[in-house]
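These notes are about the structure you will find just below.
The values are calculated or read from the model by the stated rules, or taken from the named source; none is laboratory data. Keep in mind that what you see is a predicted model, and the values were worked out from it rather than measured. Here Cβ is always computed from backbone atoms with ideal geometry, including for glycine, and neighbour counts include all displayed protein chains.
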Amino acid sequence: MKWFFYFIIFLLPTITVMAEDKIMIKVTSVDVNRGGNLIILVFGNNGFPIQHKEALITQTINVSKETMMVTFSIPQKKELAFKVLHDEDLNNRVTKDWTGIWPGEGLGFSNGKSMGMFGPPSFTQAKISRESALAGVDLNIVYP
């Protein structure tokens, strides 16, 4: 009986803390004919959307379908912004088009945002609450 008391007091809280919230990311409008990988990045308020090294989570998957689903643990941040890159040339970064300014590969951002006249959306424009993210995140890829 004593062991049961120790389990409740010491082990049960540890088990509860180890449980992690999972998030489902749905990426749509993937151009399968372009090949390559999808790179999904999750940011706090630092580095979004350009500084990939600042991402809290980065996950790479092979392009295989027009709609792809990815699940992973969600960080303990109040607000998050998401980015997906269709990395056609497998160089792990956004390749520019002939102008050297605009992306030559497909991109998608959370909160329904896309590239604008003056570049990618800001963190403030693309952020969503952690609670909203737990319900699932849709990222639509837009190609140049």
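Only residues that are among the β-branched types (Val, Ile, Thr) and within 18 Å of residue 21 (Cβ to Cβ): list them for the range 123-140, please. Full working, then the answer.
Restricting attention to the range 123-140, the residues satisfying the condition of being among the β-branched types (Val, Ile, Thr) are 124, 128, 137.
Of everything in the range 123-140, those that are among the β-branched types (Val, Ile, Thr) and within 18 Å of residue 21 (Cβ to Cβ) turn out to be 128, 137.
Only one of these is of a type in the set (Val, Ile, Thr) and within 14 Å of the chain's Cα centre (by Cα): 142, 84, 94. Name it.
Numbers: 142 fails: within 14 Å of the chain's Cα centre (by Cα); 94 fails: within 14 Å of the chain's Cα centre (by Cα).
Among 142, 84, 94, only 84 is of a type in the set (Val, Ile, Thr) and within 14 Å of the chain's Cα centre (by Cα).
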Discussion item. For the range 106-144, give me each residue that is farther than 23 Å from residue 90 by Cα, part of a helix (DSSP H, G or I) and of a type in the set (Ser, Thr, Tyr).
Written reply: 124, 132
Worksheet, complete the sentence: Of those in the range 55-99 that are among the charged types (D, E, K, R) and assigned to a strand (DSSP E or B), the residue surrounded by the fewest Cβ atoms within 10 Å (Cβ to Cβ) is 96
Response to the item:
Of the residues in the range 100-114 that are farther than 20 Å from residue 45 by Cβ and surrounded by 17 or more Cβ atoms within 10 Å (Cβ to Cβ), the one that is farthest from the chain's Cα centre (by Cα) is 103
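Test residue 129 against the stated conditions and say whether it is under 14 Å from the mean Cα position of the chain (by Cα), at pLDDT below 95 and of a type in the set (Gly, Ala, Ser). Don't jump to the end; show me each part of the working.
Working: under 14 Å from the mean Cα position of the chain (by Cα): yes; at pLDDT below 95: no; of a type in the set (Gly, Ala, Ser): yes.
Criteria not met by residue 129.
Can you tell me which residues in the range 82-102 are closer than 12 Å to residue 56 by Cα and either touching a Pro at 6+ places or on another chain (Cβ under 7 Å) or free of Cβ contacts under 8 Å to residues at least 12 places away in the same chain (or both)?
Initially, the range 82-102 is screened for residues closer than 12 Å to residue 56 by Cα, giving 82-83.
Passing the criteria: only 83.
Here's a check for you: in the range 19-43, which residue that is at pLDDT 95 or above and part of a loop (DSSP other than H, G, I, E, B) is farthest from residue 91 (Cα to Cα)?
Our first condition is that a residue be at pLDDT 95 or above; within the range 19-43, this holds for 24-43.
Narrowing the set further to residues that are part of a loop (DSSP other than H, G, I, E, B) leaves 29-31, 35-36.
Details: 29: 21, 30: 18, 31: 18, 35: 13, 36: 10 Å.
Of everything passing the filter in the range 19-43, 29 is farthest from residue 91 (Cα to Cα).
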